[in-house]
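Visitor: Quick one: structure below, then a few questions.
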Amino acid sequence: MLRWPLPEPMAQALAEARAGAVVGEVPIGAVIIKDRQVIAAAHNAPRGLHDPTAHAEVLAIRAAAQALGNERLDGCELWVTLEPCAMCAGAISHARIARLYYAAADQKGGAVDHGARVFEHEQCLHRPEVYSGMGELEASELLRSFFRERR
């Protein structure tokens, strides 16, 4: 199979996911870009922070909002290694993220193209452009190997 080079933001999100795996977190990473610059990056940390909301996307959104001094992340892109859940999709909408790129689909817990499909609801205040599949093989293998080692 031919594999194209990953866009740099997705490669960085995967590096974040690997860093999370090293400390025992489910390997999901996120990066937020504004004007072609990384303004925030995070990995899942609910176990380490004892916080069920400490998903990579939420932590990256919080850091980006602090960096920009604004709760609205207009013009920002979020790159994440797994399809966001309903909570994260809601946060993406409220933050007004312009574009969402995710690597692997999550048929069980995803809420963008699966499950709740948050952005398709009439009540959704903001809908980002959504692109999926870049880095899907790498992200999927990272998750599979993480859970395989724990069984």
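Visitor: Which residues, taken from region 139-151, are more than 19 Å from Ala13 (Cβ to Cβ) and either open to solvent by less than 70 Å² (accessible area, probe 1.4 Å) or assigned to a loop (DSSP other than H, G, I, E, B) (or both)?
Guide: Arg151, the sole residue that qualifies.
Visitor: What tally of residues in region 12-43 results from selecting those that are closer than 19 Å to Asp106 by Cα, among the small types (Gly, Ala, Ser) and assigned to a helix (DSSP H, G or I)?
Guide: 4
Visitor: Another one. Residues Arg62, Arg72: which one is open to solvent by 20 Å² or more (accessible area, probe 1.4 Å) and either among the hydroxyl-bearing types (Ser, Thr, Tyr) or touching a residue at least 24 places away in the same chain (Cβ under 8 Å) (or both)?
Guide: Exactly one of Arg62, Arg72 is open to solvent by 20 Å² or more (accessible area, probe 1.4 Å) and either among the hydroxyl-bearing types (Ser, Thr, Tyr) or touching a residue at least 24 places away in the same chain (Cβ under 8 Å) (or both), namely Arg72.
Visitor: A further question follows. Looking at (1) out of contact with any Ser or Thr (no Cβ under 9 Å at 6 or more places or on another chain); (2) surrounded by fewer than 19 Cβ atoms within 10 Å (Cβ to Cβ); (3) of a type outside the set (Gly, Ala, Ser), which one does Pro46 not meet, given that it meets all the others?
Guide: Against the list (1) out of contact with any Ser or Thr (no Cβ under 9 Å at 6 or more places or on another chain); (2) surrounded by fewer than 19 Cβ atoms within 10 Å (Cβ to Cβ); (3) of a type outside the set (Gly, Ala, Ser), Pro46 comes up short only on (1).
Visitor: Condition test on Leu6, is it modelled with pLDDT under 95, surrounded by 13 or more Cβ atoms within 10 Å (Cβ to Cβ) and either of a type in the set (Ser, Thr, Tyr) or over 15 Å from the mean Cα position of the chain (by Cα) (or both)? Break it down into steps so the answer makes sense when it comes.
Guide: Working: modelled with pLDDT under 95: yes; surrounded by 13 or more Cβ atoms within 10 Å (Cβ to Cβ): yes; either of a type in the set (Ser, Thr, Tyr) or over 15 Å from the mean Cα position of the chain (by Cα) (or both): yes.
Taking the combined requirement at face value, the residue satisfies it.
Visitor: Would you list the strands (runs of 3 or more DSSP E) that sit entirely within region 76-138 and hold 1 or more residues that are free of Cβ contacts under 8 Å to residues at least 40 places away in the same chain and either more than 12 Å from the chain's Cα centre (by Cα) or surrounded by fewer than 20 Cβ atoms within 10 Å (Cβ to Cβ) (or both)? Steps first, please.
Guide: Values: elements: 77-82, 99-104, 129-132.
Those strands (runs of 3 or more DSSP E) span 99-104, 129-132.
The values are calculated or read from the model by the stated rules, or taken from the named source; none is laboratory data. Bear in mind the structure is a predicted one, so any value in this text is a computation, not a measurement. FYI the Cβ positions are ideal-geometry reconstructions off the backbone, even for glycines, and counts take in every protein chain you see. When the accessible area is computed, the model is the full protein with side chains, heavy atoms only, and any ligands, DNA or RNA have been set aside. Shrake-Rupley method; radii C 1.70, N 1.55, O 1.52, S 1.80 Å.
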